[in-house]
Structure formats: C-alpha cells, structure tokens
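S.K.: Have a look at the structure that comes next, please.
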Amino acid sequence: MLGDRWSLLIIRDMMVAGFRTYKEFLNSHEKISTNVLADRLNRLEEFGIIAAQRDPSDGRKLIYLLTAKGIDLAPVLTEMVLWAAAHEETGNQALVEAMRKDKQQFLAQVRKRWSAAADFHEPRPSGAL
C-alpha cells in the first residue's frame, strides 16, 4: 500500500501543502510522471487512504481528499520528516521547526483541516501547512 516513494510523497503533499488536484501533484517538486501519478492515485483510493470527488466549481475535474484512514498516517509521516531532517538538509525548515516545537499541535492541525474538508467538502483546507 505505501511501499513506494510516490505514494508517500502524494500523501505528504496532501498533508503538508494541501494538494488536492491532479495538476498540483503533477507540478510538485519531484516531477512525477503522468502515468505513475494516475496509478498511485488509483491505488491510494482503492486502499481507502484518499477519496476522489468531482470539483464543485468544475465538474470535469476531480479533487482528492484524505480519508480518516489517510489522516491517521499523519503521525507516521511527521516522524519520517523529522527523521529525514535530522540526517540531511531539508528544503522546508519552517515545517520541521513547527513539528519539533509542538508535534501534537501540528498533528491536531492536520487532522482538523482534513477532517473539515472531508466532512464539508470544502474546496481546500484553509491555511494549508
């Protein structure tokens, strides 16, 4: 389910950057290919980690939401980010510092934003991290 780097990066981008559209994932720093992105989004949906729904502002587009199962990965990804930052240079020191300062508050914010988006189908979690 999470054995490849792309799935973890998609979930990370959803949690940390608030990504919700195919285009946002495609334009991420890592430059995932279109066929790999489509495959990983489908797999994550099949495993119940994300859900796809029609964009209310443009029914031709899909938006992707973390499910409760996906939101539960926040502590795992937080630890992975902190581990990586302890061993190599990271491009987002502000994020790492927020996690280090108050990990529980950081995780509560992630859960709150994505739970609200899933419950109320907002176009984007407000104040994406």
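S.K.: So which residue, out of K103, K23, K31, gets the largest mean-square fluctuation from a GNM of the chain using Cα contacts under 10 Å as springs?
M.R.: In this elastic network of the chain, the residue with the biggest mean-square fluctuation among K103, K23, K31 is K31.
S.K.: Excluding same-chain residues fewer than 8 positions from K31, which aspartates and glutamates have a Cα within less than 18 Å of its Cα?
M.R.: Counting by Cα, and skipping residues close in sequence, K31 has these aspartates and glutamates nearby: D4, D13, D39.
S.K.: Going by amide H atoms built from the backbone, whose H comes under 5 Å of the H on I50, apart from near neighbours?
M.R.: E45, T67
S.K.: Ok, one more. Would you work out the relative contact order for the chain, in percent, from Cα pairs under 8 angstrom that are 6 or more residues apart?
M.R.: Details: 123 pairs, mean separation 33.1, N = 129.
Relative CO of the chain lands at 26 percent.
S.K.: Further question on the same structure: On C-alpha positions alone, give me the angle between the axis of helix 74-87 and the longest principal axis of the chain, in degrees, nearest 10.
M.R.: 50
S.K.: Then there's this: Around R43, what is the net charge, scoring Lys/Arg as +1 and Asp/Glu as -1 over all other residues with Cβ under 14 Å from its Cβ?
M.R.: Details: positive: R5, R40, K69; negative: D4, D39, E45, E46.
Neighbour charge sum, excluding R43 itself: -1.
S.K.: Calculate the dipole size of region 1-71 relative to its Cα centre from +1 charges on Lys and Arg beta carbons and -1 charges on Asp and Glu beta carbons; express the result in debye to the nearest 20. Walk me through the numbers before you get to the answer.
M.R.: On the way: 11 positive and 9 negative charges, 12 e Å.
It works out to roughly 60 debye.
S.K.: What's the exposure ranking of W83, W6, going from fewest to most Cβ atoms within 10 Å? Provide the component values of the computation, followed by the final result.
M.R.: Working: W83 10, W6 18.
Arranged by neighbour count, lowest to highest, W83, W6 become W83, W6.
S.K.: Students often forget the sequence filter, so: which lysines lie under 26 Å Cα-Cα from K101 once same-chain residues fewer than 8 apart are removed?
M.R.: Counting by Cα, and skipping residues close in sequence, K101 has these lysines nearby: K69, K112.
S.K.: Report, in degrees rounded to the nearest 10, the 0 to 90 angle that the Cα long axis of helix 34-46 makes with the longest principal axis of the chain.
M.R.: 90
S.K.: Right, another one. Once fully extended, how much extra length lies between A98 and R60, figured as 0.36 nm per residue of separation less the alpha-carbon to alpha-carbon distance?
M.R.: 10.0 nm
S.K.: Among F25, F106, F47, what is the fewest-to-most ranking by other Cβ atoms within 10 Å? Show your work: numbers first, answer last.
M.R.: Working: F25 23, F106 20, F47 14.
With the fewest neighbours first, F25, F106, F47 line up as F47, F106, F25.
S.K.: Separate question: Listing Y22, Y64 from the residue with the fewest other Cβ atoms within 10 Å to the one with the most, what is the order? All intermediate terms of the calculation are to be shown ahead of the outcome.
M.R.: Details: Y22 17, Y64 21.
Ranking Y22, Y64 by Cβ neighbours within 10 Å, fewest first, gives Y22, Y64.
S.K.: Only four residue types carry charge here, +1 at the Cβ of Lys and Arg and -1 at the Cβ of Asp and Glu. Report the dipole size of the chain about the Cα centre in Debye, rounded to the nearest 20.
M.R.: Numbers: 18 positive and 17 negative charges, 50 e Å.
The calculation lands at about 240 debye.
Just so you know, all these numbers are worked out from the coordinates, no wet-lab data involved. What you see is a predicted model; the values in this text were computed from it and never measured. Please note: Cβ atoms are built from the backbone with ideal geometry, for glycine as well, and neighbour counts cover all protein chains shown.
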